[in-house]
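The values are calculated or read from the model by the stated rules, or taken from the named source; none is laboratory data. Computed from a predicted structure; not experimentally measured. Virtual Cβ from ideal backbone geometry, glycine too; neighbours counted across all protein chains shown.
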Amino acid sequence: MHFSFINIIDILGTFSFAAAGAFAAMEKRLDPFGVLIISFVTAIGGGTIRDVLIGDLPVSWLSNISASVVIIIAAIAALFFGSYLKKLDRMLFLFDAMGLGLFTMIGIQKGIDHHLNIGICVTLGTITGCFGGVLRDVLLNNVPLIFKKEIYALASIVGGCIFFLLLNWHVEQSLAYVLGIILVFVIRVLAVQFNWSLPKFYEKKVR
Amino acid sequence: MHFSFINIIDILGTFSFAAAGAFAAMEKRLDPFGVLIISFVTAIGGGTIRDVLIGDLPVSWLSNISASVVIIIAAIAALFFGSYLKKLDRMLFLFDAMGLGLFTMIGIQKGIDHHLNIGICVTLGTITGCFGGVLRDVLLNNVPLIFKKEIYALASIVGGCIFFLLLNWHVEQSLAYVLGIILVFVIRVLAVQFNWSLPKFYEKKVR
Amino acid sequence: MHFSFINIIDILGTFSFAAAGAFAAMEKRLDPFGVLIISFVTAIGGGTIRDVLIGDLPVSWLSNISASVVIIIAAIAALFFGSYLKKLDRMLFLFDAMGLGLFTMIGIQKGIDHHLNIGICVTLGTITGCFGGVLRDVLLNNVPLIFKKEIYALASIVGGCIFFLLLNWHVEQSLAYVLGIILVFVIRVLAVQFNWSLPKFYEKKVR
């Protein structure tokens, strides 16, 4: 049951990242295969970097075709919904925030499986959550979202730390997972709101 | 004999990609060592990403010096021919299309050797063929050629699929290889021609 | 003793690259976590690419937390010193040149440990020294420093070749290391000076 729970958040995260990647690629008016490639890179980029760093090779999406199927479905869906939808920005942002939470927790779990230091686990979670988007932004010639004033990596890091606190307080792991995902999502969404009005406050607080 | 056949297309592909990389770098007025590095990245980038994803490490060009020799020769040749040649664009494009075909087939062969799914084999072929160029474009601050309207990844994908069809029809593997390479090359060249005059047709057809 | 000597130059190199990365990120007005991430990428990027290519996985900074501690200290130091310092450019450049020398030698040592060809050892040294900075520049949307007219990769390559010459002349390895580091640093610093006044001379000489 625990295994299938991880599988479900993996599929959801893959779908939301692929869709976010597809929308970003469509905004740049790429051709359909460019859209598909950006969807792939966004969805599996963070996890691929994580697996390469750990040495967990071949990377899972080579032997397990399911991620590719989800990504292709997401890209096609985005290509068709995209022509009717106008409010891409908001949707793109929410997909991205959801994926950030999901992938952060998957990356942390991988770190735990490999008996790594808690700080490194949180780093792996952040890489899994953030670096697919960084690759996407680099390929699309955007300034990576992660480096903007908005809290992005910080949401991932705080969510990861709270997850370990929850485990420490003997919260059941599946629950801690879900809480971690929601926490990252909420921090990310709130951060964008606060940042619009309070950029200086953020800078003072963090330093 | 089959082994040496793969070696020959490997050397030819390495040479043409390295030359294409060198010309692209020279167009951006990089210094000779920048040209050499871009030649390397263009020629071995796709294969390196493929080998890292598969876990086929250390990557072959670390232990087999021949690829490096070919790349250095190609870069030096490009540096000298380049000063006399004016029609770089056309040559750059033809080198690139040839390398695309050659590397696509090499990547597919690697996938077959690792008993991977046909779809994944085609993906590995596309990565091998396209991602050296993507790395080159990212490093040179160009919009990756692959994401432009012109058919690029699609040539690789179609060539790979036809290759598997040919194998299915019991065509001899070496012949299927050559046909696959030629097919990718022809699709790529024709696509640029058609795309100049028929961009909308392409978009309708693919979607 | 030899082992601890390598450790010391590793820490120094990590610190100077992380600080150089932090300053580059601060010049682009990234938020503090963006600065931290760029510090990480700059400091461990070259070594990480080297270890991935060799297949020396998991990469060392996942299991050995010390590099991460050094990087975090460097990033925080840069964030605080940065607000008082005005001459960032010069300091950034000197940090960078020092790191270039240190990491080049570390990369060459790794190649020797894996019994690789001398040319490949020098390449690994160059990758270790240069590609953290290339990743930093790509992420910050700068044209990579390495591709500019200034000698950068060449300093790394010449330093590496001289190091092997020194070993051949039976110079003690630790001394050859230090001389190699100093040589790369001096070439890099002098190159920038000469290049300011003699760009054409450089181009003639290298070709």
- Task: Working only within segment C:112-136, note down all residues that are more than 8 Å from every other protein chain (Cβ to nearest Cβ), free of Cβ contacts under 8 Å to residues at least 40 places away in the same chain and surrounded by fewer than 20 Cβ atoms within 10 Å (Cβ to Cβ).
- Result: C:Ile112, C:Asp113, C:His115
- Quick one: B:Gly55 ticks every box in (1) away from chain A (no Cβ under 14 Å); (2) on the phi > 0 side of the Ramachandran plot; (3) small (Gly, Ala, Ser) bar one, so which box is it? (1)
- Would you point out which residue out of A:Phe17, A:Phe95, A:Phe40 is modelled with pLDDT under 85 and aromatic (Phe, Trp, Tyr)? A:Phe95
- Task: Among the numbered conditions (1) modelled with pLDDT of 90 or more; (2) within 14 Å of chain B (Cβ to nearest Cβ), tell me where C:Ala191 comes up short.
- Result: (1)
- Taking segment C:137-188 as the search range and keeping residues that are in a helix (DSSP H, G or I) and of a type in the set (S, T, N, Q), which one is farthest from the other protein chains (Cβ to nearest Cβ)? C:Ser174
